[in-house]
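Okay, structure first, notes after.
The values are calculated or read from the model by the stated rules, or taken from the named source; none is laboratory data. Computed from a predicted structure; not experimentally measured. As a convention, Cβ positions derive from the backbone with ideal geometry for all residues, glycine included, and neighbour counts pool all protein chains shown.
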Amino acid sequence: MPVFYENRQLVTPGDLLAENDYINGENTYREDGKIYATRVGLFNHEDKRVYVVALKSFYIPMVGDTIIGRVLEVTLGGWIVNIRAPYVAMLRASDALERPVRPQKDDLPSLFDVGDMMIAKIVAYDRTRDPLLTVLERGLGKVTRGQILEITPTKIPRVIGKKGSMITMIKNETGCQIMIGQNGRIVIIGKTPEDEHSAIMAIRMIEQEAHTTGLTDRVTEMLRKMKGEKTTKEVVENVPKET
Amino acid sequence: MSQKKPEKLIDEKGIRYDGRKLDEMRPVKIEVGILSNADGSAYIEQGKNRILAAVYGPREIHPKHQALPDRAALRCRYHMAPFSVQERKSPAPSRRELEISKVMREALEPSVFTEYYPRTAIDLFVEVLQADGGTRCAGITVASLALADAGIPMRDLVAACAAGKVEDHLVLDLNDVEDKSSDGADMPIAYMPSLNAVTLLQMDGMLTPEEFEQVLTMGIEGCKQIGQLQKEALKAKYTVVKEGEAEKGEEAEEEAKE
């Protein structure tokens, strides 16, 4: 019946979390009616569900996820793409062209070359097949400018926040365009390098302090402060010029 | 620093030549996450043993023909540095190292959910920097921590410890000199504490069935102690981070007040 840990307590693999009446959630497993942790993380239980928020993990593809990939290889029929997962993904030329592919005429490297970054969606994946991508939907395609940031995939939900509160705030405060891939890659496109820098600082801060509360407010504060510093610096710099 | 073998390894009072009691382990120090290139890593000092472990993966498997259709392939390499022992050890993998790589893999595989990641590889490297007996046990202990540090889902941590017989006394955690003493016995055991499951059991030397039972119980007790240290080491990595942040958070609040 009992639960052996308090909410947000640190657990390690093999720790006995709960017995009998509970349902095992993510990063846990059940054996003989006992629920154990499978990863290092923070314990949580809601009603009858027991789960662990992992502190470190890696990306596992899911159908429907929007991810940010890097082209590894251009083949005759498409591209091989790194998506920061244990499996490499395939993007077929027909999923990038919206019309039949003419192998002789179509120049695939001109669409995506080795090293190019893309925002794509996973359309098919299971245990037996490597993930298949598409770039034919709105908002998908090549990343042509901006900066790429990589964080642990488990912290993506924190960067987005409840109903996107965190990410909307960062966008508003910095004026940057931000695209988040479920695989832990983030594209930041700002008007100036300074804007991009402050957005990166904000996301790094979220990654570091993901498990603390009141984070949105602290990040807002930090961004405002950075902005404040910038304006005062400009003032100081401008003074000698005017005199 | 050539080691001179003492005349007696255990005195009348039951104290071993290095000052330990019969059922006392060597001092253990463990650190987790000390290599930044690896996905997961750990380091252990157990007596004079010094061992590093690094984990990569799950990642794409090369060569492709090694891929298993239903689970991840756990590939393990146990290696002793040329300078890890008195006489230079050839860096080429020896027959002994290949065998230890295999038993290590088999000791760790039951703890890992390899079936979650079919067709991938989990690469595990165990490098012995300094050896003083019982390296396969210490190796399994660190390797298990490195796997946990890499964020690979596991049923339990695997703790390992040896027990055996030296000069007609049953002892825990034999070191190199004790291991090499004649007419003794050495029994490395790997054990999953929460599941109460033994994943490695080897033995050389001779024991009576009664002695075997006693040595096994003793070894498992040792594993439980090691298991406790493993958990502490794993938690220490994250509590340090957390405290650091708490301070930062407080500073930020203080600054905000100003």
What's the number of the condition A:LEU132 fails, among (1) in a strand (DSSP E or B); (2) within 24 Å of A:ILE188 (Cα to Cα); (3) in contact with a Phe, Trp or Tyr (Cβ under 9 Å, 6 or more places away or on another chain); (4) more than 14 Å from every other protein chain (Cβ to nearest Cβ)?
-> (2)
Unmet requirement for A:PRO153, which otherwise passes all of (1) within 14 Å of chain B (Cβ to nearest Cβ); (2) over 20 Å from A:SER198 (Cα atoms); (3) in contact with a strand residue (DSSP E or B) (Cβ under 8 Å, 6 or more places away or on another chain) | (3)
Here the residues within region A:135-153 that are assigned to a loop (DSSP other than H, G, I, E, B) and crowded, with 16+ Cβ neighbours inside 10 Å are A:VAL135, A:LEU140, A:GLY146, A:ILE151, A:THR152
May I ask you to say which residue of B:ALA81, B:ALA72, B:ALA54 is within 12 Å of chain A (Cβ to nearest Cβ) and either in contact with a Phe, Trp or Tyr (Cβ under 6 Å, 6 or more places away or on another chain) or surrounded by fewer than 19 Cβ atoms within 10 Å (Cβ to Cβ) (or both)?
-> B:ALA72
Checked pairs for region B:112-131, first farther than 12 Å from B:CYS76 by Cβ, second among the hydroxyl-bearing types (Ser, Thr, Tyr) and in a strand (DSSP E or B), C-beta under 8 Å and 6 or more apart or across chains, list as B:PHE113/A:TYR29; B:VAL128/B:TYR78
If you take the residues of region A:17-58 that are surrounded by fewer than 15 Cβ atoms within 10 Å (Cβ to Cβ) and facing chain B (nearest Cβ under 10 Å), which of them is farthest from A:PRO157 (Cα to Cα)?
-> A:ASP32
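Looking at the structure I just gave you, is B:VAL32 under 28 Å from B:ILE226 (Cα atoms), within 14 Å of another protein chain (Cβ to nearest Cβ) and of a type outside the set (Gly, Ala, Ser)?
Spelling it out, B:VAL32 is indeed under 28 Å from B:ILE226 (Cα atoms), within 14 Å of another protein chain (Cβ to nearest Cβ) and of a type outside the set (Gly, Ala, Ser).
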Looking only at residues in region A:1-14 that are more than 7 Å from chain B (Cβ to nearest Cβ) and touching a residue at least 24 places away in the same chain (Cβ under 8 Å), which one is surrounded by the most Cβ atoms within 10 Å (Cβ to Cβ)?
-> A:VAL11
Does A:ILE156 count as part of a helix (DSSP H, G or I) and closer than 21 Å to A:MET117 by Cα?
-> yes
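Condition check ((1) outside any strand (DSSP E or B); (2) within 21 Å of B:ILE122 (Cβ to Cβ); (3) touching an Asp or Glu at 6+ places or on another chain (Cβ under 7 Å); (4) not β-branched (Val, Ile, Thr)) across all residues:
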residue: B:PRO6; (1), (2), (3), (4): yes, no, no, yes
residue: B:LYS13; (1), (2), (3), (4): yes, no, no, yes
residue: B:GLY19; (1), (2), (3), (4): yes, no, no, yes
residue: B:ILE44; (1), (2), (3), (4): no, yes, no, no
residue: B:LEU52; (1), (2), (3), (4): no, yes, yes, yes
residue: B:LEU68; (1), (2), (3), (4): yes, yes, no, yes
residue: B:LYS89; (1), (2), (3), (4): yes, no, no, yes
residue: B:ALA92; (1), (2), (3), (4): yes, no, no, yes
residue: B:SER101; (1), (2), (3), (4): yes, yes, no, yes
Would you be able to tell me the number of residues in region A:10-31 that are assigned to a loop (DSSP other than H, G, I, E, B), modelled with pLDDT of 90 or more and over 14 Å from A:LYS56 (Cα atoms)?
-> 4
When region A:122-178 is examined, which residues are found to be within 16 Å of the chain's Cα centre (by Cα), over 28 Å from A:VAL53 (Cα atoms) and free of Cβ contacts under 8 Å to residues at least 40 places away in the same chain?
-> A:GLN177
Take the residues of region A:113-134 that are within 25 Å of B:LEU68 (Cβ to Cβ) and of a type in the set (Asp, Glu): which is surrounded by the most Cβ atoms within 10 Å (Cβ to Cβ)?
-> A:ASP130
Take region B:35-51 and flag every residue that is under 19 Å from B:GLU178 (Cβ atoms) and either without any contact (Cβ under 8 Å) to a residue 24 or more places away in the chain or within 12 Å of chain A (Cβ to nearest Cβ) (or both).
-> B:GLU45
Does A:ILE188 qualify as being assigned to a strand (DSSP E or B), at negative phi, touching a helix residue (DSSP H, G or I) at 6+ places or on another chain (Cβ under 8 Å) and crowded, with 18+ Cβ neighbours inside 10 Å?
-> yes
Output the number of the condition that A:MET166 fails; it satisfies all remaining conditions of (1) at pLDDT below 90; (2) over 30 Å from A:ASP113 (Cα atoms); (3) outside any loop (DSSP other than H, G, I, E, B).
-> (1)
Inspect region B:100-112 for any residue being within 12 Å of chain A (Cβ to nearest Cβ) and small (Gly, Ala, Ser) and give the result as yes or no.
-> yes
Considering every residue within region A:151-161, establish whether at least one is farther than 21 Å from A:VAL74 by Cβ and of a type in the set (S, T, N, Q).
-> yes
